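Computed from the coordinates by the stated procedures, all read-outs in this text should not be read as laboratory data. Keep in mind that this is a model prediction, so the values were computed, not measured. No Cβ is skipped: glycine too gets one built from the backbone with ideal geometry, and neighbour counts run over all protein chains shown.
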Amino acid sequence: MIGLYAEKPGELARALFEGDSFDNFLLVRAQIRTEIASEFDGRLAEGPEPYISWGRFRSVLPALPTQPGDPLPSSCHIVLCLSRSKTAGFLNAVRSSFTPDQVGGLYLNIRLQEGRLSLTTGCSLTQFSPDRSLESAWDQRIRAFLLPYL
């Protein structure tokens, strides 16, 4: 697990809410506070994935001020995870010894508080393992993905 701060929070917010950079993720949950507080649960009742895709959710999310100069939401906390198929692809790409069934989730937590945008990675396994190679590979992948905003 690593914690990062976005040096360009407005650019990251635009990428998150308007661009398609994060569309490969699934939304686990979100709490967004603008003039009103909104909470969203991304769980789906049925389907091949347990959560709604970020891209699909983003298309129905009320417009947020993300243009240059517009204020960011006063606070938000968004938990994203990689889809099952993307997780399997990631495991293959990094030549991990873990199987998709052993991975509970690969997560990205995005938190905006007091004008600071922090990002935290997470890796959940379905069984205990002292092997931290998957967590390290996920941390490296997310750091590279977020590099334009750090």
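Overview of results
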| read-out | value |
| --- | --- |
| Convex hull per residue volume in Å³, alpha carbons only, for segment 3-149 | 116 |
| Candidates SER96, SER59, SER129: whichever shows maximal mean-square fluctuation once the chain is modelled as a Gaussian network with Cα springs under 10 Å | SER129 |
| With Cα atoms, 0 to 90° folded angle of helix 133-146 axis to the chain main axis | 30 |
| Cβ-derived FRET efficiency at R0 22 Å, ASN24 paired with THR120, nearest 0.05 | 0.75 |
| Theoretical ellipticity at 222 nm over the chain - DSSP helices of four or more residues, -39500 (n - 2.57) apiece, nearest 500 | -8000 deg cm²/dmol |
| Extended-chain gain in nm, criterion 0.36 nm per residue less alpha-carbon gap, ALA45 and GLN127 | 27.0 nm |
| Helix 84-93 vs. the chain, principal-axis angle (Cα, 0 to 90°, nearest 10) | 60 |
